[in-house]
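Data first, discussion second: the structure below is written as structure tokens.
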Amino acid sequence: MSDMNVAMVERYRNNFLKEVEHNVEEGDWVKMCMQCGVCSGSCPLGPYWDHPPQELFMMIRAGKREEVLTSTSMWMCTSCYNCIVRCPRELPITHIMHGLAHYAKRLGLAPKEQPTFKFSQHFWNNLVKKGRVNELKLGLSLYFMNGLVEGIKTSLNMAGIGLGMLKTKRMSPMEMIGGHSVKDTKGFHAMLKKAEEIEAARVEKYGKGS
Ligand code: SF4
Ligand code: SF4
């Protein structure tokens, strides 16, 4: 690319696009989107979202930082990969959607009342101690996430299913006394610590909102 072309492309990379490129997983792909709309048309949930993927990418390029980072849309991506397999430019759309959600959370801008945001937090809290999900505890924490009364009602409604799962060994009684953990919990925690260090180094290099 000639110097003149590089300068022209640079003019169209606003600050928010640069921020996404530096901080969001696979964010440097966003500039490759040609706005054909195939991803939004292929997304089974896109029509119900405020901003399907094509629109989010257009908003990033238009510098609409707050609208993008507070959007609920990327929190509802189910990782079905329909968009990825159809994108003519081969953008890793699913990863960008999750990357945007993660970045919004890091900045404290994620919509906390969004049910999938709450689910993600409960799932992570459940997983992080032992490296394996305790399904019983996860289920109970989800039943009670909207208050005690709703939690009791849902637990009672689900009691039959829970007992059935125990009976058919789809859920282990071990889960009631703490549950299983990965073989090497120390190694698992060391891996998480390393990932946090890499993340912190990246934030220090590029800044939270550079
Ligand atoms: S399918 Fe790919 S190129 Fe087309 S709008 Fe979606 S991300 Fe952009
Ligand atoms: S992976 Fe996410 S964004 Fe892509 S089509 Fe599926 S739900 Fe939609």
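Miscellaneous remarks
- Helices (runs of 4 or more DSSP H) wholly inside the stretch 115-206 that include at least 2 residues being among the charged types (D, E, K, R) and out of contact with any Cys (no Cβ under 9 Å at 6 or more places or on another chain): 135-143, 148-167, 185-206
- The residue that is nearest to residue 140 (Cα to Cα), counting only those in the stretch 169-183 that are open to solvent by less than 90 Å² (accessible area, probe 1.4 Å) and modelled with pLDDT of 80 or more, is 181.
- Every residue from the stretch 45-68 that is under 19 Å from residue 80 (Cα atoms) and in a helix (DSSP H, G or I): 46, 47, 48, 53, 54, 55, 56, 57
- Within the stretch 40-54, the presence of at least one residue that is modelled with pLDDT of 95 or more and within 29 Å of residue 200 (Cα to Cα) is confirmed.
- Among the residues of the stretch 40-53, those identified as near ligand 2 (Cβ under 10 Å from one of its atoms) and crowded, with 19+ Cβ neighbours inside 10 Å are 40, 42, 43, 46, 49, 52, 53.
- Within the stretch 69-113, tally of residues that are hydrophobic (A, V, I, L, M, F, W, C) and under 23 Å from residue 203 (Cα atoms): 12
- Qualifying residue in the stretch 153-173 (condition: touching a residue at least 24 places away in the same chain (Cβ under 8 Å), out of contact with any strand residue (DSSP E or B) (no Cβ under 8 Å at 6 or more places or on another chain) and aliphatic (A, V, I, L, M)): yes
- Of all the numbered requirements in (1) more than 12 Å from ligand 2 (Cβ to nearest atom); (2) open to solvent by 30 Å² or more (accessible area, probe 1.4 Å), residue 95 misses one, and that requirement is (1).
- Residues of the stretch 131-153 that turn out to be open to solvent by 50 Å² or more (accessible area, probe 1.4 Å) and out of contact with any His (no Cβ under 8 Å at 6 or more places or on another chain), as a count: 11
- Taking the conditions (1) open to solvent by less than 50 Å² (accessible area, probe 1.4 Å); (2) within 16 Å of ligand 2 (Cβ to nearest atom) in turn, residue 128 satisfies each one other than (2).
- Filtered residues of the stretch 11-44 (kept if touching a residue at least 40 places away in the same chain (Cβ under 8 Å), within 16 Å of ligand 1 (Cβ to nearest atom) and assigned to a loop (DSSP other than H, G, I, E, B)): 12, 24, 25, 26, 33, 34, 36, 43
- Test: residue in the stretch 64-82 that is open to solvent by less than 50 Å² (accessible area, probe 1.4 Å) and away from ligand 2 (no atom under 14 Å from the Cβ): yes
The values are calculated or read from the model by the stated rules, or taken from the named source; none is laboratory data. Bear in mind that the values here come from a model prediction, so they are computed numbers and not experimental data. As a convention, Cβ positions derive from the backbone with ideal geometry for all residues, glycine included, and neighbour counts pool all protein chains shown. These accessible areas exclude ligands, DNA and RNA; they are computed on the full protein's heavy atoms, side chains included. Shrake-Rupley method; radii C 1.70, N 1.55, O 1.52, S 1.80 Å.
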